[in-house]
Each structure stands twice: as structure tokens, then as C-alpha cells.
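S.K.: This is the structure I have questions about; it appears just below.
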Amino acid sequence: MIKEQPLVSFFVISYKQEEFIRDAIQGAFAQTYEPLEIILSDDCSPDRTFEIIKEETESYSGPHRIILNQNESNQGIAGNLNRALELAKGQFIIASAGDDISLPERTAEIVKRLQETESPVDMVCSYCEEIDETGKPIGQIQKDVLFLPDTNEPVRKWACGATGACLGYNRKLYDKFGPLDIRVIAEDWVLPFRAWVESGIALVDKPLVKHRVHGRCLSVIYQDINAERTPESRHLLRRKTTGSTLARAKDWLHVWQISGDDKDGHIGKQMKEWIRLLEIEWRAYDLNRLQALKSAIKAMHYSGGFKVALRIFYRLVLRRQ
């Protein structure tokens, strides 16, 4: 008797990606795995992204079920992903950005590993091939796609993430721990922590995604804040980045407390101290110079607060950007 395969939900999450969205959708439609529902969720794009999505959907005649969604207002990555997860019925989730291209076997390979019973995990990450804005291969297979915490380090130095373009995961990471905070910029620093605490993350050592690298990638924008032309835009972007880190830290604490692993409360205490520092820094962006200086002094009283105090003083007292 052939075992029935579980339903899988494949997301294409888009915003202002009219140049690339057609390739992303065609990659989703080409998936060999069945049964598959494909959720195309656009975050109220002001360009032709959603029109192209509708064009591709209307011309599709394949075996997969298509669910079309456009948010009434822009929700950000976390909000758009939350909406897609609300619509999803699948046991497993495969997510794609609107500028990447999934290979046809991606879902099948990821689900195969997620279903292994000898070493079960709740998340799987694969390698990816990097392509340029035109879709031409850059000549690099990205293998550094998974980062796990060194538990010998203080919590604020932990790295727990995975390249979002390459992920597949059990939807229980959403059902058990709840929706993402809408301040989260990159879900690939939140969901992997949930998976790591639950049962771990596995790696499929082959490229299953063509990951597009271009100037409008979020990773490029947030890694090069100094490229912003005005002090005001740099100020807003840094505030948003700090707010995202704060939301991530709060999610980590929530997950850690639910897991019940921290018998002596040591890790939980470190997380709470980290959150207090991030809250001081985040709120300081709305203060004048004198108030920001007081926040910098306040940060000094917490473990690890020197660097936070220095950032506040340099950016918000001396430079105001």
C-alpha cells in the first residue's frame, strides 16, 4: 500500500518585484511534488507585480491548487508571511521570495528530509546558486546557509539563522509559537531559532534555489545603511533594524520559555537583559540629544551595555543619524 503524501504549502511572497515575479511563479508552478497548494501573496505592491501574478495564474493549467492573495495595505515581510500561513493548509511550508527561482525538485527534496523518522527535524535548509539581476549565474554555490548558536557565548552574541530563500519547515513552528511580530524584517532569524529549540535543523547539500542578488535585496539594503543619502533615512532604517532585533529577541525568549529547557533560568535571564538593552536603544531613536544621552548612561548599568551605550552616544547624541 502506497503511503499518502502530506499536503504541502508553497509560498511566493512578493512586494515590488515586477521584474522578477514571473520567474518566481513559474518556478513554483514547476514543482514536481504533489499534493501541493501554491499561495501567491503580494504585499500591496504599487507596481505591476500583482497584475503579473494574476496573468500567470489565469494561464496555469497544472495539477497544483493556486491561492491568490493581495494584502489591502503593506504589512511588511512578517505580516505578509503571517497572512500566507493563515491561508495555508499544508503540514509543511516551502517559502520563496518573489525574486528567487525554485528548482522543480525543491519541494520533493525538502519534504523527503522533513519526513525522515530516524533523525527528525522541523526545518530543512538547502544550498543555493546565486544569480544576478538578469538571471545569469554568478558562478557561486552558496553553502554557508545555516548558522547555529554557540551556547558557550552570551545570548546576545548567539547567531541562529538560515538563508530564508532555502528553507522548508513544519507548520507547527507557527501553530505552537504563534505569528511573527510585524517588526521582524527577516523571518530567517526567528523561525530557525524555533526549529533549533524544537528538534534541530537539517541541511540538504545541494542547490535547490536560484537566489537572485541585486541592489534592492533586503540583505543588501540593511547591510549598507551608510549608503542611504540623508541622515533622516539612515536614522529611520537604523531604528527599524533595532526594532527588528528587539522583536527577534522577544520571540527567542518566548520560545525558550515554552521549551522549558532553562531549568536554572540562566539563559532566560540573559535574554531579558538583552531585551532591556534593545528597548533602551530602540526608544532612544525617538528622543532628543539630552534624552538620548541619559539613555546611553542607563544602558551602561546592564551587562553588555557598553557597546549599546556607545552606539546611542555616537549615532543619536553626536551625529543624530
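The values are calculated or read from the model by the stated rules, or taken from the named source; none is laboratory data. Note that this is a predicted model, so its numbers are computed, not measured. As a convention, Cβ positions derive from the backbone with ideal geometry for all residues, glycine included, and neighbour counts pool all protein chains shown. Heads up: the accessible areas ignore ligands, DNA and RNA and are worked out on the full protein's heavy atoms, side chains in. Shrake-Rupley method; radii C 1.70, N 1.55, O 1.52, S 1.80 Å.
S.K.: Mind ranking Ile77, Ile38 by accessible surface for me, highest first, 1.4 Å probe? Mind dumping the intermediate values first?
M.R.: Values: Ile77 60, Ile38 0 Å².
The ranking, largest first, comes out as Ile77, Ile38.
S.K.: Excluding ligands, DNA and RNA, what is the solvent-accessible area per residue of the range 1-87 at a probe of 1.4 Å, expressed in Å²?
M.R.: Value for the range 1-87: 49 Å² per residue.
S.K.: Please determine, in degrees from 0 to 90 and to the nearest 10, the orientation of helix 231-259 with respect to the longest principal axis defined by the Cα atoms of the chain, where the helix direction is its Cα long axis.
M.R.: On a 0 to 90 degree scale, this one is about 70.
S.K.: Go through 52-65, 106-119, 267-280 and give me the packing order, highest mean Cβ count within 10 Å leading. Please report the intermediate quantities before stating the final value.
M.R.: On the way: 52-65: 14.6, 106-119: 16.4, 267-280: 18.9.
Put in order of decreasing packing, that is 267-280, 106-119, 52-65.
S.K.: Quick check on my link table: of Lys143/Lys176; Lys54/Lys210; Lys206/Lys307; Lys176/Lys272; Lys269/Lys294, which ones sit more than 27 Å apart, alpha carbon to alpha carbon? Before the final figure, lay out each step's value.
M.R.: Working: Lys143/Lys176 30 Å; Lys54/Lys210 23 Å; Lys206/Lys307 39 Å; Lys176/Lys272 21 Å; Lys269/Lys294 24 Å.
Result: Lys143/Lys176; Lys206/Lys307 exceed 27 Å.
S.K.: Ignoring any ligand, DNA or RNA, what whole percent of the accessible area of the chain comes from carbon and sulfur when the probe is 1.4 angstrom?
M.R.: Values: 7950 of 15830 Å².
Taking all protein chains in place, the chain shows 50 percent carbon and sulfur surface.
S.K.: Given a Förster distance of 30 angstrom, what is the FRET efficiency for Glu34 paired with Lys307, based on the Cβ-Cβ distance and rounded to 0.05?
M.R.: On the way: r = 51 Å, r/R0 = 1.69.
According to the calculation, E is roughly 0.05.
S.K.: Moving on to the next point. Which order do the peptides 5-14, 184-193 take when ranked by the mean count of other beta-carbon atoms within 10 Å per residue, highest first?
M.R.: Working: 5-14: 21.9, 184-193: 23.5.
Ranking the peptides 5-14, 184-193 by packing returns 184-193, 5-14.
S.K.: What would the Debye formula give as log10 I(q)/I(0) at q = 0.21 Å⁻¹ for the alpha-carbon point model of the range 1-130, no solvent?
M.R.: Debye output, listed in q order: -1.27.
S.K.: Quick one: net charge around Ala202, please, counting Lys, Arg +1 and Asp, Glu -1 for every other residue with C-beta under 12 Å from its C-beta. Walk me through the numbers before you get to the answer.
M.R.: Numbers: positive: Lys112, Arg113; negative: Glu109, Glu116, Glu118, Asp122, Asp205.
So the surrounding residues net to -3.
S.K.: Next up: If you count the DSSP beta bridges with both ends in the chain, what percent of them are antiparallel, to the nearest 5? Each step should come with its number before you reach the end.
M.R.: On the way: 13 of 41 bridges.
Antiparallel bridges make up about 30 percent of those DSSP assigns within the chain.
S.K.: Also, quick follow-up: Tell me the net charge near Gln142. Cut-off is 10 Å between Cβ atoms, Gln142 excluded, with +1 for each Lys or Arg and -1 for each Asp or Glu.
M.R.: Details: positive: Lys143; negative: Glu129, Glu130, Asp144.
Here the count lands on -2.
S.K.: Output the Kirkwood hydrodynamic radius of the range 228-295, Cα pairs only, in Å rounded to one decimal. Don't skip to the end; give the middle numbers.
M.R.: Details: mean 1/r = 0.0745 Å⁻¹.
For the range 228-295, the Kirkwood estimate is 13.4 Å.
S.K.: Also: Please report the base-10 log of the normalised intensity I(q)/I(0) for the chain, using a Debye sum with one equal scatterer per alpha carbon and no solvent, at each q in 0.06, 0.08, 0.09 (1/Å).
M.R.: -0.22, -0.40, -0.50
S.K.: 222 nm [θ] for the chain, helices only, -39500 (n - 2.57) per DSSP H run of 4+, per residue, to 500? Display every interim value, and only then the final one.
M.R.: Details: 11 runs with 125 residues, N = 321.
Mean residue ellipticity, 222 nm, calculated: -12000 deg cm²/dmol.
S.K.: How about Lys3: which lysines have a C-alpha closer than 21 Å to its C-alpha, ignoring those fewer than 8 places off in the same chain?
M.R.: Lys89, Lys112
S.K.: Follow-up. If you line up the long axis of helix 49-58 against the longest principal axis of the chain, both from Cα atoms, how many degrees apart are they, to the nearest 10?
M.R.: That helix lies at roughly 20 degrees to the long axis.
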